[in-house]
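Just below is one structure, and these are the notes that go with it.
Nothing in this text is a laboratory measurement; each read-out follows from the coordinates by a stated rule. On a predicted model such as this, the values are computed, not experimentally measured, just so you know. Cβ atoms come from the backbone with ideal geometry, glycine included; neighbour counts cover every protein chain shown.
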Amino acid sequence: MSVSRAKKVLLNESKAIAKLADRIDGDFAAIIDLLAKSNGRVIVTGMGKPGFIAQKVSATMSSTGTPSLYLHPAEALHGDLGRVVRDDIIIAFSNSGETEEVVKMIPIIKKIGAKLVAVTGNKGSTLAANSDFVIDSFVEKEACPMGLAPTTSTTAMLAIGDALAVALLEKKDFKPKDFALYHPGGALGKRLLLKVRDIMRPGSETPIVKGSVRIKEVLLKVTKMRAGSASVIDGKGKLVGIFTDGDLRRHFEGGKDLLNRKVSDVMTKSPVTITPDRLAAEAFKILTARRIDEIPVVDDRGRPVGVLDVQDILKAGLV
């Protein structure tokens, strides 16, 4: 029974959302133009369950380049309407369009001079009649079997809010770099902002040797610096190869004389490299695609300035 009911809820709500698409018209485009050109903030309001939807919509807009805040209707009637100024745009969520606290705000909003956009399931309501723009969020029935608990109606509001936010960010030509500005924390921000230079092991902490150095000397240096590899340079300081434990294993059949051979004889020549100003996320893609654990970091003249290890990326919380 519970599985059957759950499926009915999902089907009910998905069908309701699908029908909303037919109501997106020129008025919706006008609302997006209004929001995009506004010099004020987008203030989103709603009471009860629509209020929670309003908070989410406001948060989405704020994180995608549109200054926004949530205004609780009850608090608004007790002084918080003082937060609203003429250049602001109010988006009010109310399924009935007759929510007492929301309706009582209308005269003050009009007096302030802010624009009012209604998202309501009742186009004949007081809220709709007194708004500058109306978005129809009507649903035929709630998913609640008693038809009482706001379910499908709030899902419809949420979908409309997402449609507004996404259409608006596209209108504003909002880019990933802009998104990163508002999301500096967590894995998301790190993927968008963290540079190789921020997490690489600098040259002072990684072995950098000439190709003529014997392997046993290189191994001692690698061990002493607790590194996983050594960058090999030519006489001008330019990177020509990398020496890893994998190179050592591949040439181990060389016997005792192996340790006395020059590192240039067994190194991986012309390894893939990356520059310090590249995104750490790009370095991770290279490491994954090439199935390697370390990548030398070089400057614009091809000289090694450090090494980035997959462990460095993991410690940074990038993945």
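Taking each residue as 0.36 nm, the span from Phe138 to Ala74 lengthens on full extension beyond its C-alpha to C-alpha distance by 20.6 nm. When all alpha-carbon pairs of the range 1-97 are counted, what percent fall beyond 16 Å? When every Cα pair of the range 1-97 is considered, 67 percent fall beyond 16 Å.
Ranking Glu98, Glu294 by Cβ neighbours within 10 Å, fewest first, what do you get? Spell out each step's value before the answer.
Details: Glu98 14, Glu294 21.
So the residues, fewest neighbours to most, are Glu98, Glu294.
On a 18 Å Cα-Cα criterion, which of the cross-link pairs Lys37/Lys115; Lys216/Lys262; Lys49/Lys172 come out too long? Violating the 18 Å Cα-Cα cut-off are Lys49/Lys172. Across the options Gly211, Pro304, Val44, the greatest Cα extent toward the positive end of the charge dipole of the chain (unit charges at beta carbon of Lys, Arg, Asp, Glu) belongs to Gly211. Multiplying the residue separation of Lys224 and Lys123 by 0.36 nm and removing their Cα-Cα distance gives an extension gain of 28.8 nm. Of the trypsin sites (Lys or Arg not before Pro) in the range 195-244, the ones in a loop by DSSP (not H, G, I, E or B) with at most 11 other beta carbons within 10 Å are Arg226, Lys236. Computed from the Cα positions only, the extents of the chain along the three principal axes stand at 91, 52, 35 Å, in decreasing order. The stretch between Asp27 and Ser270, if pulled fully straight at 0.36 nm per residue, gains 81.5 nm over its current Cα-Cα span.
Around Leu69, with a cut-off of 11 angstrom between Cβ atoms, what is the net charge of the other residues, counting Lys and Arg +1 and Asp and Glu -1? Numbers along the way, then the final one.
Working: positive: Arg41, Arg83; negative: Asp80, Asp88.
Value of the local net charge: 0.
Dipole size in debye (nearest 20) for the range 1-121 around its Cα centre, Lys and Arg Cβ +1, Asp and Glu Cβ -1?
It comes to approximately 300 debye.
Our summary of shape: the Cα atoms of the range 2-174 have principal axis extents of 49, 37, 27 Å, ordered from largest down, in whole angstrom.
Take every DSSP beta bridge whose two residues both sit in the chain; close to 40 percent of them are antiparallel. Go ahead and estimate [θ] at 222 nm for the chain from helices alone: -39,500 (n - 2.57) per DSSP H run with n ≥ 4, summed, over the residue count, rounded to 500. Estimated from H runs of four or more residues: -12500 deg cm²/dmol. Legend: distances between Cα atoms for Lys7/Lys123; Lys19/Lys123; Lys285/Lys315; Lys210/Lys236; pairs beyond 18 Å are Lys7/Lys123. With neighbours defined as other Cβ atoms within 10 Å of a residue's Cβ, the residues Leu148, Leu35 order from fewest to most as Leu148, Leu35.
For the range 196-315, the calculated P(r) over all alpha carbon pairs, in 5 Å bins from 0 to the bin holding the longest distance, is 2, 13, 23, 24, 20, 11, 5, 2, 0 percent. Our note on the geometry: Cα centres of the range 102-126 and the range 1-62, 17 Å apart.
Against the longest principal axis of the chain, how steep is helix 49-63, in degrees 0 to 90 to the nearest 10, with axes from Cα atoms? With rounding to tens, the tilt is 40 degrees.
Going by C-beta contacts inside 10 Å, put Ser131, Ser63, Ser153 in order with the fewest on the left. Please list the in-between numbers first.
Numbers: Ser131 22, Ser63 15, Ser153 27.
Arranged by neighbour count, lowest to highest, Ser131, Ser63, Ser153 become Ser63, Ser131, Ser153.
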